Amino acid sequence: MGTLYFALQPDADAAEQIADLAERIAFEYDLAPPQPTDRLHLSLAGMGPFSTTHLTRAIEIGSSIWAPAVEVTLGGIARFGGDPAPLVLAVQEPEALQTLYAKFYQAMGVTPPISPALFLPHITLLYDNAAPEHLALEAPIHWNAQEFVLIHSDGGHEIVARWPLRG
């Protein structure tokens with residue numbers, strides 16, 4: 001069954017930098033293996049469990065989103081709560097992504113699960129309860145997000161659809 005959600009994916013250069021960083025951290029701190037490079041994403045909005053109805057609605061919503069390309073700057077590393085705890089690479093200036101997040105929920109006609117001002121966009125590097133709470137990042141990782149995708153996650157990640165960021 002799995003779930004459906006909208007996300008941004010880093011471009012090839014950013015994905016390589018993120019994967020290299022995750023490998024170094026996992027090795028240095030003797031942590032669980034990092035997420036595979038093809039699974040790196042920045043979640044924007046969940047559509048719930050996979051079903052034909054949710055898929056059809058998600059495609060309608062994705063097609064209705066008009067937003068400009070977004071410059072993404074990843075600048076901090078932190079461990080979030082959970083079991084196992086995710087170690088994430090957080091966005092430095094999240095305002096444009098908070099606006100995009102709000103657009104998805106507005107298009108869905110529902111209240112976002114958390115306030116857009118509290119939405120903390122991030123990319124999960126790995127899951128391990130022994131991960132440090134915070135780590136310094138030598139240099140920010142940037143990419144210009146030109147599109148968003150709809151992902152079906154059910155043990156793996158399948159890109160179901162993609163749309164350009166335009167506007």
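The values are calculated or read from the model by the stated rules, or taken from the named source; none is laboratory data. Source: prediction; values computed, not measured. With ideal geometry, Cβ positions are generated from the backbone for all residues, glycine too; neighbour counts draw on all protein chains shown.
Can you find a residue that is farther than 27 Å from L21 by Cβ and part of a strand (DSSP E or B) anywhere in the stretch 141-148? Within the stretch 141-148, not a single residue is farther than 27 Å from L21 by Cβ and part of a strand (DSSP E or B). Within the stretch 68-88, can one find any residue that is over 28 Å from A136 (Cα atoms) and modelled with pLDDT of 95 or more? There is at least one residue in the stretch 68-88 that is over 28 Å from A136 (Cα atoms) and modelled with pLDDT of 95 or more.
Restricting attention to the stretch 88-138, the residues that are aliphatic (A, V, I, L, M), assigned to a strand (DSSP E or B) and in contact (Cβ under 8 Å) with a residue 40 or more places away in the chain add up to 6. Among the residues of the stretch 48-63, none qualifies, meaning not one is in a strand (DSSP E or B) and either acidic (D, E) or modelled with pLDDT of 95 or more (or both).
Across the stretch 122-157, the number of residues qualifying as modelled with pLDDT under 95, within 17 Å of F6 (Cα to Cα) and surrounded by 12 or more Cβ atoms within 10 Å (Cβ to Cβ) comes to 3. Scan the stretch 84-92 and tell me whether some residue there is farther than 15 Å from I151 by Cβ, surrounded by fewer than 20 Cβ atoms within 10 Å (Cβ to Cβ) and over 15 Å from the mean Cα position of the chain (by Cα). Yes - at least one qualifying residue is present in the stretch 84-92. The number of residues in the stretch 18-42 that are surrounded by fewer than 18 Cβ atoms within 10 Å (Cβ to Cβ), in contact (Cβ under 8 Å) with a residue 40 or more places away in the chain and within 22 Å of Q146 (Cβ to Cβ) comes to 2.
From the list D30, D20, D13, which residue is charged (D, E, K, R) and either part of a loop (DSSP other than H, G, I, E, B) or modelled with pLDDT under 95 (or both)? Before the answer, list the steps.
Values: D20 fails: either part of a loop (DSSP other than H, G, I, E, B) or modelled with pLDDT under 95 (or both); D13 fails: either part of a loop (DSSP other than H, G, I, E, B) or modelled with pLDDT under 95 (or both).
Just one listed residue meets the conditions, D30.
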